[in-house]
Amino acid sequence: MSKDGEGARVLVVDDEPNITELVSMALRYEGFSVKTAATGRGAVTAVSQFSPALVILDVMLPDIDGLEVLKRLNAAGHKVPIIFLTARDATDDKVHGLTVGGDDYVTKPFSVEELVARVRVVLRRHGGGEAQDGKLTLADLEMDDEGHEVRRSGQVVDLTNTEYRLLRYLLVNSGRVLTRSQILDHVWHYDFGGDASVLETYISYLRRKVDKFEPPLLQTVRGVGYVLRAPRP
């Protein structure tokens, strides 16, 4: 499997065919292996047969809801990462979904590009992309998720929560150029209508804090976006 998770099996569960078709097409285009299900019980069966690396799971299904699906999967010993997909946008729903074991939560209508980016992040979080101790590293930059701490050249870098989320997204996708819209969707979770000034501001914050050490790791790709990578030798 490549560093971005291409080739991984993803199960898409939704009772709306247009959504499963759209998401499946986007994931297959990015190189993922995809299977779909339209019901909760179908999802439980598909997990047993397909052994996905990740499940995109609609909360509202015609038979049993997504939270019940998750409970049944856990009871059967299937500890598969879950991204909940739902029209609900209430904070308590999000908190409840993540508390019972979901890894992320995307509300409809959603950006397919954002969903694919989140799939990559969750896959890397659950194997292959991160060290077993929960640390992310690039050159002399180290992020410890458990301790919520960032170090560069051995020195602690003090970041706000938003700066931390931004750096983490760049770090789990290190070496991959991320567009401004991808970053805005993932870190801020809503569309700025093309106004990326807030992103430019936070990129400058990160440069002052993280790239005050040599060599600089945060790079601008003109006309595209940003990438976090070690300088080429």
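Annotations
- Each label point was placed 7 Å from the Cα along the Cα-to-Cβ direction; for residue 75 and residue 15 their separation is 2.0 nm.
- Simple spin-label estimate for residue 221 and residue 177 gives 0.4 nm between the two label positions (7 Å along the Cα-to-Cβ direction from each Cα).
- Each peptide in 29-38, 78-87, 115-124 was scored by the mean count of other Cβ atoms within 10 Å over its residues; highest first, the order is 115-124, 78-87, 29-38.
- 3J(HN,Hα) along the range 51-65: 6, x, 7, 7, 10, 9, 10, 5, 6, 9, 10, x, 10, 10, 7 Hz, from the Karplus curve 6.51 cos²θ - 1.76 cosθ + 1.60 with θ = phi - 60°, whole Hz, x for Gly and Pro.
- Net charge of the neighbourhood of residue 20, taken over other residues with C-beta under 11 Å away and scored Lys/Arg +1, Asp/Glu -1, is -4.
- Using R0 = 35 Å, the C-beta based FRET efficiency linking residue 51 and residue 140 works out to 0.40.
- Cross-link pairs exceeding 29 Å between alpha carbons, from the set 79/209; 79/135; 108/212; 79/108; 108/135; 35/135: 79/209; 108/212; 108/135; 35/135.
- Under the Karplus curve 6.51 cos²θ - 1.76 cosθ + 1.60, θ = phi - 60°, whole-Hz ³J(HN,Hα) for the range 137-149, x wherever Gly or Pro sits: 9, 8, 6, 9, 8, 9, 10, 10, 5, 5, x, 6, 9
No lab work stands behind these numbers, since they all come straight from the coordinates. Remember, it's a predicted structure, so these values are computed and weren't measured experimentally. Ideal geometry is used to build each Cβ from the backbone, glycine not excepted, and the neighbour counts take in all protein chains shown.
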